[in-house]
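The structure appears right after this line, and notes come after that.
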Amino acid sequence: MVTTSLLELDVEGILRKVERLTGAEFPKDVVEVSLEPQLKMLCVRFKKPSKAEFGEPLRHGIHLFTDRDTDEITAVELIDWEKLTKTGPGQKPVDEPTRVAREYIRKKLVDGLQ
């Protein structure tokens, strides 16, 4: 069943599940949420970019957007998000993080140690 209303969503719960799947840590403030039911796409914006932003696939169906100048996370786009966040017995794990995701996570870990 496709969700057709933002009122039906637990956006915070969805973001926490995606954080666990990817190892990314999203900002706690959300300034915009949009849902495209026909595309099965959920977009969450944490902040506006200073000038421009880059979007990179973090995992299959998860695109992370970062500010070009500050490298801060500005938004996340979830394609087929209901499948990504589904839990239950017999659920198959989502594919491994992409090269971009591994590099992003490694950079954040190294920055955190300095």
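Values in this text are rule-based calculations from the coordinates and carry no lab data. Nothing here was measured: the structure is a model prediction, and the numbers come from that model. Note that we place each Cβ from the backbone using ideal geometry, even for glycine, and neighbour counts take in every protein chain shown.
Two decimals is fine: what is log10 I(q)/I(0) at q = 0.17, 0.25 Å⁻¹ for the range 1-82, from a Debye sum with one equal scatterer on every Cα and no solvent?
Evaluating at q = 0.17, 0.25 Å⁻¹ gives log10 I(q)/I(0) of -0.64, -1.34.
Here are some pairs, LYS17/LYS40; LYS40/LYS107; LYS51/LYS83; LYS48/LYS83; LYS28/LYS107; which of them have Cα atoms lying more than 22 Å apart in this structure?
Those over the limit are LYS40/LYS107; LYS51/LYS83; LYS48/LYS83.
Could you check the spin-label model distance between ARG68 and ARG20? Points 7 Å from the Cα along Cα→Cβ, value in nm.
Placing both labels 7 Å beyond Cα along the Cβ direction yields 3.7 nm.
Whose amide H sits under 5 Å from the amide H of GLU72, counting only residues 5 or more places off or on another chain, with H placed in the peptide plane?
Sorted by chain and number, the residues that satisfy this are ASP67.
Compute the distance in nm between two label points, each set 7 Å from the Cα along the Cα-to-Cβ direction, one at GLU36 and one at SER50.
Reported label-point gap for GLU36 and SER50 is 2.9 nm.
With label points built 7 Å along Cα→Cβ from the Cα atoms of GLU103 and LYS83, find their separation and express it in nm.
About 2.6 nm separates the two model spin labels.
Read phi for every residue in the range 54-69 and hand back ³J(HN,Hα) as whole Hz from Karplus 6.51 cos²θ - 1.76 cosθ + 1.60, θ = phi - 60°, with x for Gly and Pro.
Once rounded to whole Hz, the list reads 10, x, 9, x, 8, 8, 4, x, 10, 10, 9, 10, 10, 5, 4, 8.
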